[in-house]
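The structure appears right after this line, and notes come after that.
Just so it is clear, none of the values below were taken in a lab; they were calculated from the coordinates. As the structure is a prediction and not an experimental result, all values here were calculated from the model. For neighbour counting, all protein chains shown are included, and Cβ atoms are generated from backbone atoms with ideal geometry for every residue, glycine included.
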Protein chains: 2
Amino acid sequence: MSEFSITERNQVKRRKDRARYDKSTIYQIIDEAMFCHIGFIQDGRPYVIPTLHARREDELLIHGAVASRLLKHIREGNEVSISIAILDALVLAKSVFHHSVNYRSVVLFGKGKLIEEEDKKLEALRHFTEQLIPGQWKYARQPTPAELKATAVVSISIEEASAKIREGSPVDEQGDQDLPIWAGLLPVTHCIGPPVRADYTDVNIPLPEHILKKVKNG
Amino acid sequence: MSEFSITERNQVKRRKDRARYDKSTIYQIIDEAMFCHIGFIQDGRPYVIPTLHARREDELLIHGAVASRLLKHIREGNEVSISIAILDALVLAKSVFHHSVNYRSVVLFGKGKLIEEEDKKLEALRHFTEQLIPGQWKYARQPTPAELKATAVVSISIEEASAKIREGSPVDEQGDQDLPIWAGLLPVTHCIGPPVRADYTDVNIPLPEHILKKVKNG
């Protein structure tokens, strides 16, 4: 399956001209964003909470303390809605009305389950760390059995998903285009670094290659 | 009131040591973030959708097309949960277990109502534009009555809110601190610019001072 199903419920925010349903577009947005916002219902009330995520095939991995109420809720198999958004530019038009932002966003729905087996949990955490900074899992000190026990990892199967994208130039009315007003884009980007050494890191320990690469590539 | 009430329901994600309930901290985070994720319940299902926001005193302003289903849902007075998160740094520890991120996040609850009077709507849109780029409202072409009619603006009263913040250095176990591993922070920042002129903006139109300021100050 390379497309997600288009159903009534995920059309809630999809203006037709900005919607995308192909997996490659959707997954690229999920992978570029480091965190997501998870929505769920508890005692009849809506909750939204930000958390880090990592995608592995058609599942989203979430982790946290075993005591986390969010993870408890998810691992009980309740449906969640997850929102991810990346801001790419402020779009300044000649008219106030046509001001906008360029962005890439994904809304997905799925149900979660706890990853219980120790080796699968370890593998999920490895994937998580490697997606954040490739090379870091082997470089850092591995989890002890006690640490592993204190960490809960939940896998959410991505059942429905859609992306919404606005890109490119502002759009002004024909009659406004010659107004003596500057219209254009102010791109927004994420910058990583420069690195800040922890007090207890000996000054003679070099910054390893894979961390330098992360700073360089963002 | 300078503190929000601490109730059972907004403790869902508040690890005690990271939680803050004072308005100045909470409002600073809301104002720095340009967009939020709104969670609501429709037909018994959780939905989360990203949207731009602007705070004015104890209300959050949201706007969009009159036909928007999200806005329709909010303006009917249903409770929504809003999540805002700003990522400040990747926190690299010597052990995988103590890897983390520095962030500032807010979760708030409120109910919305439509701003109907034309002058109040115009004032809300002015506030919205000015919060995005101070000086832009007067600089750009003002909304026509038809444009104003096509735009819905909703005000969400902030009834409960809490912030959660992680800041500072990684924290490693005493026994790990001398390991020959680099631990520290990789700061994450937003950068704005350089500006990209729209094709239909005459090259002789200078970039105005207030936009240059936005690029400079972020």
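The table below gives the values:
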quantity: Inter-copy spacing of B:L207 label points, which lie 7 Å from Cα along Cα→Cβ, given in nm from shortest upward; calculated: 2.7
quantity: Coordinate range along principal axes, alpha carbons of the range B:22-88, Å, largest first; calculated: 35, 22, 19
quantity: Isotropically averaged projected area of the range A:8-217, using the convex hull of Cα atoms (one quarter of hull area), nm²; calculated: 16.2 nm²
quantity: In Å, descending, principal axis extents of the Cα set of the protein assembly as shown; calculated: 67, 52, 49
quantity: About the Cα centre, charge dipole magnitude for the range A:8-217 (Lys/Arg +1, Asp/Glu -1 at Cβ), debye; calculated: 220 debye
quantity: Rg and Dmax of the range B:69-112, Cα atoms only, in Å; calculated: 16.9, 51
quantity: Per-copy distances of the B:D17 label point, shortest first, in nm (7 angstrom along Cα→Cβ); calculated: 5.2
quantity: Distance violations [Cα-Cα > 26 Å] among A:K214/B:K94; A:K138/A:K216; B:K121/B:K216; B:K72/B:K149; A:K23/A:K94; A:K213/B:K213; calculated: B:K121/B:K216; A:K23/A:K94; A:K213/B:K213
quantity: Tensor-based shape of the range A:179-218 (alpha-carbon gyration tensor, a/c under 1.5 rounded, otherwise prolate or oblate); calculated: prolate
quantity: Zone residues, the range B:187-203, relative to A:C191, backbone N less than 18 Å from point 7 Å out along Cα-to-Cβ; calculated: B:187-196
quantity: Neighbour-limited loop hits for GluC sites (Glu not before Pro), the range B:140-198 (at most 13 other Cβ within 10 Å; DSSP other than H, G, I, E, B); calculated: B:E167
quantity: Cα gyration tensor, the range A:78-189 - rounded (a/c under 1.5), prolate or oblate; calculated: prolate
quantity: Rounded, prolate or oblate (a/c below 1.5 giving rounded, otherwise prolate when a/b exceeds b/c) for the range A:134-218 by Cα gyration tensor; calculated: oblate
quantity: Chain B, helix-only ellipticity at 222 nm - DSSP H runs n ≥ 4, -39,500 (n - 2.57), divided by all residues, nearest 500; calculated: -6500 deg cm²/dmol
quantity: Nm distances between copies for A:T144, ranked from closest, using label points 7 Å along Cα→Cβ; calculated: 7.1
quantity: GluC sites (Glu not before Pro) restricted to the range A:45-124 and DSSP loop, no more than 15 other C-beta within 10 Å; calculated: A:E57, A:E76, A:E116, A:E117
quantity: Those chymotrypsin sites (Phe, Trp or Tyr not before Pro) in the range A:129-187 that DSSP places in a loop and that have at most 15 other beta carbons within 10 Å; calculated: none
quantity: Simple spin-label estimate for A:K72 and A:I205 in nanometres, 7 Å along Cα-Cβ; calculated: 3.5 nm
quantity: Mean-position separation - Cα centroids, the range A:89-127 and the range B:144-202, in angstrom; calculated: 14 Å
